[in-house]
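Here's the structure, in structure tokens; my notes come after.
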Amino acid sequence: RTILTTVGLIIGIALVVLVISAGNGAESWIKDQLSSFGSNTIFTEPKIPSARSDTESQFTVGSGVTITTLKPADVAAVERIPGVIAAYGASFAQAKLSFLSKSKNVTLLGTNASFLKVDSGQVASGRFFSEEEEASLSQVIVLGSGLKTTLFDNRDALGEFVKIKGQNYRVIGVMKEQGARFFLNFDDQAYIPLSTMHKKILGTDYLVYFVTKFDEKTDVSFLVSQMEIILRKNHDIKESDGSKDDFSINSSNDNADLVDGVLGGLTLLLSVIAAISLLVGGIGIMNVMFVTVT
């Protein structure tokens with residue numbers, strides 16, 4: 001009877017501690033991942049017009065629609081807004097990179113020369129590509145640290161050529177180790193100029209998303225409203241109520257509030273489960289004590 005009572009107490013208390021710790025740990029991990037993108041950034045992505053959610057992306061499940069109206073010209077226009085430090089657009093592709101006898105399937109990120117002004121990544125050796133190289137469709141590439149090790153081991157990669165779809169791309173830089181963010185390993189991807197990605201690899205001219213970095217003294221609400229005006233003008237959207245918008249704009253604060261709401265609901269659910277477990281365990285302990293007294 002003592003053993004049964006003790007086990008019931010231990011399991012009940014351990015479950016409560018575990019639930020609370022798991023909730024706090026998940027919240028801390030997600031906020032750390034978000035902070036790696038910076039607190040003064042705005043994320044813009046395509047959205048299906050009239051979608052119920054402002055954060056519904058171009059890959060909405062079951063929609064069968066891909067929004068192709070987000071263009072590099074939008075990024076250039078947003079960069080001219082007062083208070084904006086820099087902005088970069090992004091497109092992705094899966095490709096096989098090969099060097100001599102070694103090869104690896106990787107994620108290619110096509111982006112602008114201003115990428116490092118916004119993102120927290122840094123170049124360990126060499127350099128990032130320039131605006132001139134981006135404008136001239138240069139076949140240059142910057143490797144993630146893990147990808148460099150896979151293809152080149154300990155030898156110097158700068159100045160070497162890797163093949164993508166049978167074409168040579170000159171390695172001009174290697175990024176510092178970044179690790180994984182939201183389960184994406186940034187060390188195993190490679191960076192090429194956005195124009196090169198569109199013309200020579202994808203054959204498209206639209207963006208998956210773009211990120212804007214702004215001065216911390218800037219009014220975020222005013223900046224978002226200016227971005228909406230510019231994008232609606234560029235996309236020939238005359239309505240201003242948002243129902244016709246084919247884009248979604250979210251600041252880092254919006255993302256943090258969304259995460260807090262989701263985690264709050266998850267923590268509440270886990271707490272209810274723990275409370276039910278405590279109730280069941282308490283009834284078991286009560287029955288043991290009742291039998292003992294009887």
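Tabulated values for the structure
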item: Test: residue in the range 136-144 that is at pLDDT below 90, part of a loop (DSSP other than H, G, I, E, B) and among the polar types (S, T, N, Q); result: no
item: Extreme residue, most open to solvent (accessible area, probe 1.4 Å), among residues of the range 201-228 that are in contact with a Lys or Arg (Cβ under 8 Å, 6 or more places away or on another chain) and not hydrophobic (A, V, I, L, M, F, W, C); result: Asp205
item: Any hit, the range 30-45, residues being modelled with pLDDT of 75 or more, surrounded by 17 or more Cβ atoms within 10 Å (Cβ to Cβ) and among the charged types (D, E, K, R); result: yes
item: Matching residues in the range 71-123 - criterion: being open to solvent by 60 Å² or more (accessible area, probe 1.4 Å), part of a strand (DSSP E or B) and under 14 Å from Phe214 (Cα atoms); result: Ile85
item: Residue list for the range 194-209, restricted to those being more than 20 Å from Thr44 (Cβ to Cβ) and in contact (Cβ under 8 Å) with a residue 60 or more places away in the chain; result: Thr196, Lys199, Lys200, Ile201
item: Long-range neighbours under 7 Å by Cβ, at least six apart or interchain, first residue among the hydroxyl-bearing types (Ser, Thr, Tyr) within the range 111-127, second modelled with pLDDT of 90 or more and in a loop (DSSP other than H, G, I, E, B); result: Ser125/Leu158
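The values are calculated or read from the model by the stated rules, or taken from the named source; none is laboratory data. Since this is a predicted model, take the numbers as computed values, not measurements. Positions of Cβ are backbone-derived with ideal geometry, glycine not excepted, and every protein chain shown enters the neighbour counts. Each accessible area value is taken on the protein alone, full model and side chains, heavy atoms only, with ligands, DNA and RNA left out. Shrake-Rupley method; radii C 1.70, N 1.55, O 1.52, S 1.80 Å.
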